[in-house]
């Protein structure tokens, strides 16, 4: 299950960058949550109708989790639009560090010396990657900074979502909470979606949207199950491999010089910084 989530999130930013050529970010986000809610509702309407109990008297934490995940989608999608898939996937790694901090502060979890050193290593990698990006920008520095602020916002809200979800699965099943979370987020973006963008779509457009919707459905479905087994400071361990997958796929695609990937500008120094950052995050979420 964990490997499925890692793989899906690893290529997510790349597909998002492609989709943003055709659709606005708000439209994409609304479709992803609506697709996931409709599909999950249809399945449980037939197999486990009792799961809809959570929608009758929704817990406050569930609503907050939905709002937090909506914020994460907005931040990450905006960051991908303004910068690049690789940049977004590297910087979003702030989220597991934030989850670890919450785990210590709220859940009273203890960090080992190795985990503590991971924070310093991650910070060093972040500085190295950020320096490389600033010195090899294919876009304006203002746009890059604005995009990074959106990504940081997405990381903060994802940490909030993860903590809420961790508390929710003590009472509700992961898929029940997903039903509520998808519904809340879909309602948030309903008035923001640009529906005329669905006119005149070709098959590739629909396949892209369906992939993005299925990405949410499957990735968060498997994540929800994993949340029952992992402590809070490891709840996002599965996303540590995502940027590696992104960097590899982007490297392969860059040979084709695709115009929608023209904002990619990572050098060997940037790749080294990314690996150091991921190594630090890996230490923070390490179980032993």
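Averaging sequence separations of C-alpha pairs under 8 Å and six or more residues apart, then dividing by the length of the chain, give the relative contact order as a whole percent.
On the way: 439 pairs, mean separation 125.7, N = 288.
Relative contact order of the chain: 44 percent.
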Determine, for each peptide in 144-155, 192-203, the mean count of other beta carbons within 10 angstrom over its residues, then list the peptides with the highest first. 144-155, 192-203
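Percentage of Cα-Cα pair distances in the chain greater than 34 Å, rounded to whole percent?
Numbers: 7316 of 41328 pairs.
The answer is 18 percent, as a whole percent.
Rounded to the nearest 500 deg cm²/dmol, what is the calculated helix-only ellipticity per residue at 222 nm for the chain, with -39500 (n - 2.57) per DSSP H run of length n ≥ 4? Can you show the working numbers first?
Numbers: 12 runs with 209 residues, N = 288.
When only DSSP H runs of four or more count, the value is -24500 deg cm²/dmol.
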For segment 64-97 and segment 22-41, compute the distance between their C-alpha centroids and round to whole Å. 16
Per-residue Cβ neighbour rank within 10 angstrom, fewest leading, 116, 166: 116, 166
Mean Cβ count within 10 Å, highest first, over the residues of peptides 181-187, 250-256: 181-187, 250-256
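Since every read-out is calculated from the coordinates, none of them should be taken as a lab result. Since the model is a prediction, treat every value here as computed from it, not as a measurement. In this analysis, Cβ positions are derived from the backbone assuming ideal geometry, glycine residues included, and neighbour counts consider all displayed protein chains.
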